[in-house]
Amino acid sequence: MNARLFICGDIVNTMCRTSFISDDVQSIIKSQDYSICNFEAPIEGFGVKAEKAGPHVSQKAETLKLLKDAGFSLLLLANNHIFDYGEVALTATIDEI
């Protein structure tokens, strides 16, 4: 049996507290066996800015529920912004997931 996959790149939601994925795209996401995205940054409100070059990115905590409701079954966290606010923010993000 072949598994049906939907894989997309970086998700960074810094503004929306309601759905930001169209109904048509959600229908495609939900129709797959596994839907995967890269959750590019930790949820906001935790940790302190890490010392680093470049911008510090965090995203709305509501993003996790919105992605689940859209049909995503797996979030990848291995990326360049997940430690922007340190281990505290990463742990809070994992706990919420």
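Looking only at residues in the range 73-97 that are of a type in the set (Ser, Thr, Tyr) and under 12 Å from SER58 (Cβ atoms), the one that is farthest from the chain's Cα centre (by Cα) is TYR85.
Picking from residues in the range 22-34 that are open to solvent by 100 Å² or more (accessible area, probe 1.4 Å) and of a type outside the set (Asp, Glu), the one that is farthest from LEU66 (Cα to Cα) is TYR34.
Within the range 53-62, is there a residue that is open to solvent by 20 Å² or more (accessible area, probe 1.4 Å) and more than 18 Å from the chain's Cα centre (by Cα)? Yes, the range 53-62 has at least one match.
Scanning the range 3-21 for residues that are open to solvent by less than 100 Å² (accessible area, probe 1.4 Å), among the β-branched types (Val, Ile, Thr) and not in a loop (DSSP other than H, G, I, E, B) yields one hit, ILE11. The single condition among (1) open to solvent by less than 40 Å² (accessible area, probe 1.4 Å); (2) within 30 Å of ALA3 (Cα to Cα); (3) not small (Gly, Ala, Ser) that ASP69 does not satisfy is (1).
A Cβ distance below 7 Å, combined with a sequence gap of six or more or placement on separate chains, defines the contacts here; from the range 22-41, residues that are modelled with pLDDT of 95 or more reach residues that are crowded, with 18+ Cβ neighbours inside 10 Å and in a helix (DSSP H, G or I) in the pairs GLN26/ALA70; ILE29/ALA70; SER35/ILE29; CYS37/LEU67. Residue check: LEU66 meets all listed conditions (1) in contact with a Lys or Arg (Cβ under 9 Å, 6 or more places away or on another chain); (2) assigned to a loop (DSSP other than H, G, I, E, B) but one, namely (2). Residues in the range 22-46 that are in a loop (DSSP other than H, G, I, E, B) and under 16 Å from ASN80 (Cβ atoms): GLU40, ALA41, PRO42.
The values are calculated or read from the model by the stated rules, or taken from the named source; none is laboratory data. Just so it is clear, the structure is predicted and the values come from calculations on it, not from any experiment. Here the Cβ is made from the backbone with ideal geometry for all residues, glycine too, and neighbour counts use every protein chain on show. Heavy atoms of the whole protein, side chains included, go into the accessibility calculation; ligands, DNA and RNA do not. Shrake-Rupley method; radii C 1.70, N 1.55, O 1.52, S 1.80 Å.
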